[in-house]
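What follows is a short report on a single structure.
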Amino acid sequence: MNLRAFFRSTKFRVLLCVLALLTGVMLYSVRQGGQTDVFSRALQTATQPVRRFSSAISGSVNRTLDTYFKSKAYRDENARLRDRVAELNGQLIGYDDAVQERDALRDQLKIKEHSADFVLSEPCRVLMPVTNDMTGSFRIDRGEADGILLNAPVMDSHGLVGVVTELAADSATVTTILSPELSVGVTVLETGEDGIVEGNLKYAADGQTKLIYLDKNSKVREGNLVITAGTTGLFPYGLPVGNITETGIEESGLTAYAAVTPSVDLSSLSSVSVLLDFNGRGVARP
Amino acid sequence: MKMKRKSRTTSEKRTRRRNLLRTCISVLILLLFAVPMFGGGVQPLPVIPAVICIAMYEEFYFSVFCGVLGGLLIDTACFSPLGSNAIYLVCVAAAVWLLFKGLLRRSFLHYICVTAAAVFLRCGLLYFFTQVLMQNEGRAVLWTNVLLPSSLWTLVTALPVYWLFLPCERFLRGIPAGNDFRLTGRTAE
C-alpha cells in the first residue's frame with residue numbers, strides 16, 4: 001500500500017478519529033488535576049488486583065536478588081553500624097542533656113498542643129512504589145471510601161511524608177517531599193528563616209530534598225531542623241520535615257539553598273497516616 | 001431477485017475460528033505482559049514490544065486497538081495522564097503496520113530495531129515533556145536511574161515477547177514449519 005493511498009483511505013480517517021478521542025481523554029484527565037478523573041479511577045480500581053499480585057511477586061523477586069547481589073554491601077553496612085553503636089554507647093553519657101534539649105524543642109514547637117487537634121486516618125499500609133518514579137511516590141491501601149482527601153498531608157510518627165495526589169475508591173497515590181511536583185512552605189526552627197522545600201531529581205537520587213529561597217546571608221547550618229510553616233492552610237504548623245545536611249548559594253547568586261534529609265526514612269515505609277483535619281486547615285496565615 | 005447467501009464452507013469456518021483464536025491469544029499475551037509493569041519501582045514496559053509484534057503480523061484496526069489498550073495500561077501503571085501513552089502507541093502501531101506492509105521484511109532484526117527506536121523515542125519524549133519543558137534541576141539523573149534501565153529491560157523482554165508471538169502466528173495461520181516468514185517476509189494470508 002503506498003502512502004498516498006493510505007492517507008486517502010478509511011483507515012487513516014479512523015486513525016485520526018482515535019487520536020482525536022485519545023487527545024480529548026488526555027486533556028480532560030490533565031484538566032482534572034490529581035488524575036482523579038472518572039476514567040483513571042475506573043482503570044485504577046479495575047487493575048488493583050493485578051497491581052497487588054504484581055507488587056507481591058516483584059517484591060519477592062527483588063528481595064531474593066537483593067540477598068545475592070548486595071551481600072557485600074550489607075556486610076559493610078553491618079560493620080559500619082557496629083561502629084556506630086559503639087560510638088552511640090559512648091555518647092550515652094550525654095543522654096540526659098539530649099533529653100532536656102529535646103523537651104525544650106518540643107515545648108518550643110508546641111507539638112502537643114498542635115497535634116491534639118489532628119484528625120488522622122486509620123493507619124494506611126504502603127502497597128507499592130509507583131512504577132518508574134524515582135521520587136519515592138507510592139500507593140496506599142485506603143482511598144476515598146475510607147475518607148481520604150485529595151491534597152491531604154501524609155505523615156508518620158517522625159514527620160511529613162508527602163501529600164495525597166491521586167484518589168481511587170480503595171487506594172490513593174502519595175507524592176513524597178522528594179518530588180519536584182510538591183512545594184511545601186517551611187521554617188528553619190533554629191533561625192526562624194522561611195523557605196520552600198521543593199524536590200529535585202538530583203537530590204532525590206540520594207534520598208534528599210531541597211530547601212530553596214533562603215536569604216543569601218542565611219544563618220542556616222548543617223543539622224538545623226526544618227518544620228512546616230503552616231502558612232498556606234494545607235499543612236499544620238510544626239510538622240518535622242527534615243534536617244539540613246548541606247548549604248550553598250544558588251548559581252544565580254541571589255538566594256541560598258540547603259539540602260534536607262527527610263525526618264522520615266522514605267525508602268523503608270510500611271505504614272503511614274493521612275492528616276484529615278487540623279486547626280487552621282484551609283486558612284492561609286500571614 | 002435476491003440472491004440467497006451460500007452457507008460457509010468448513011474451510012471458511014475453520015479460518016474464522018482460527019482468526020478469532022489468534023485475536024484472543026494476542027490480547028491475552030498483551031495483558032500478560034502488562035502484569036510486570038504494575039509491580040512498582042523501575043520496571044520494563046513489555047507492552048511496547050507486544051504492540052509492535054501485533055502490528056507486524058495483524059491487520060490495521062486490531063493493531064490500533066492494541067495500541068490504545070497497551071497505552072492505557074502503561075498510563076494506568078505509571079500514573080501518567082490517561083491517554084498520553086495511548087496516543088504514542090497508536091501512532092507507533094500505525095507506523096509499524098505501514099512499515100512492515102510496504103517497506104520492511106518481517107524479521108527479528110527489523111523487529112528489534114523498530115522496538116529499540118520506539119522505546120528510546122518514548123523515553124526522549126517523556127524526558128522532553130516532563131523535564132526539559134519544566135526546566136527541572138538535576139533532570140539528567142532521571143536518565144541514569146529510571147529511563148535507561150527501564151528501556152534496556154524493555155528491550156530484553158522484547159525477546160520473550162517475540163518468541164511467544166511467533167509460534168502462535170505460525171500455528172494459527174497454518175504456516176508449515178519450513179515456510180518461515182522470517183525468511184520469506186510474507187505471511188500465509
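Summed over the stretch B:85-128, the residues that are more than 24 Å from A:Leu27 (Cα to Cα), surrounded by fewer than 21 Cβ atoms within 10 Å (Cβ to Cβ) and among the hydroxyl-bearing types (Ser, Thr, Tyr) give a count of 1.
Results for (1) at pLDDT 85 or above; (2) aromatic (Phe, Trp, Tyr); (3) crowded, with 16+ Cβ neighbours inside 10 Å, shown as yes or no for each residue.
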position	(1), (2), (3)
B:Asn19	no, no, no
B:Ile25	yes, no, yes
B:Gly41	no, no, yes
B:Val51	yes, no, yes
B:Ile54	yes, no, yes
B:Phe62	yes, yes, yes
B:Ser80	no, no, yes
B:Gly83	yes, no, yes
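Of the residues A:Ile196, A:Ile177, which is more than 10 Å from chain B (Cβ to nearest Cβ) and in contact with a Pro (Cβ under 9 Å, 6 or more places away or on another chain)? Among A:Ile196, A:Ile177, only A:Ile177 is more than 10 Å from chain B (Cβ to nearest Cβ) and in contact with a Pro (Cβ under 9 Å, 6 or more places away or on another chain). For the stretch B:76-100, the set of residues classified as at the interface with another protein chain (Cβ under 8 Å from one of its Cβ atoms) and assigned to a helix (DSSP H, G or I) consists of B:Thr76, B:Ala77, B:Cys78, B:Ser84, B:Ala86, B:Ile87, B:Val90, B:Cys91, B:Ala94, B:Leu98, listed by residue number.
The single condition among (1) touching a Gly at 6+ places or on another chain (Cβ under 7 Å); (2) within 14 Å of chain A (Cβ to nearest Cβ) that B:Glu58 does not satisfy is (1). Count of the stretch A:132-150 residues, restricted to those that are within 14 Å of another protein chain (Cβ to nearest Cβ) and not in a loop (DSSP other than H, G, I, E, B), is 3.
The C-beta contact set for the stretch B:108-125 (first residue in a helix (DSSP H, G or I), second residue of a type in the set (Gly, Ala, Ser), distance under 8 angstrom, 6+ apart or interchain) comprises B:Tyr111/B:Ala158; B:Ile112/B:Ala158; B:Thr115/B:Ala158; B:Val119/B:Ser151; B:Phe120/B:Ser151; B:Cys123/B:Ser150; B:Cys123/B:Ser151. None of A:Gly282, A:Gly207, A:Gly199, A:Gly253 is in the same structural domain as A:Ile177 (by TED's automatic domain parsing), surrounded by fewer than 17 Cβ atoms within 10 Å (Cβ to Cβ), at pLDDT 85 or above and not hydroxyl-bearing (Ser, Thr, Tyr) except A:Gly207.
Being in contact with a Ser or Thr (Cβ under 8 Å, 6 or more places away or on another chain) and of a type outside the set (A, V, I, L, M) is not true of A:Thr232.
The values are calculated or read from the model by the stated rules, or taken from the named source; none is laboratory data. If you're wondering where the values come from, they're calculated on a predicted model, not measured in any experiment. Please note: Cβ atoms are built from the backbone with ideal geometry, for glycine as well, and neighbour counts cover all protein chains shown.
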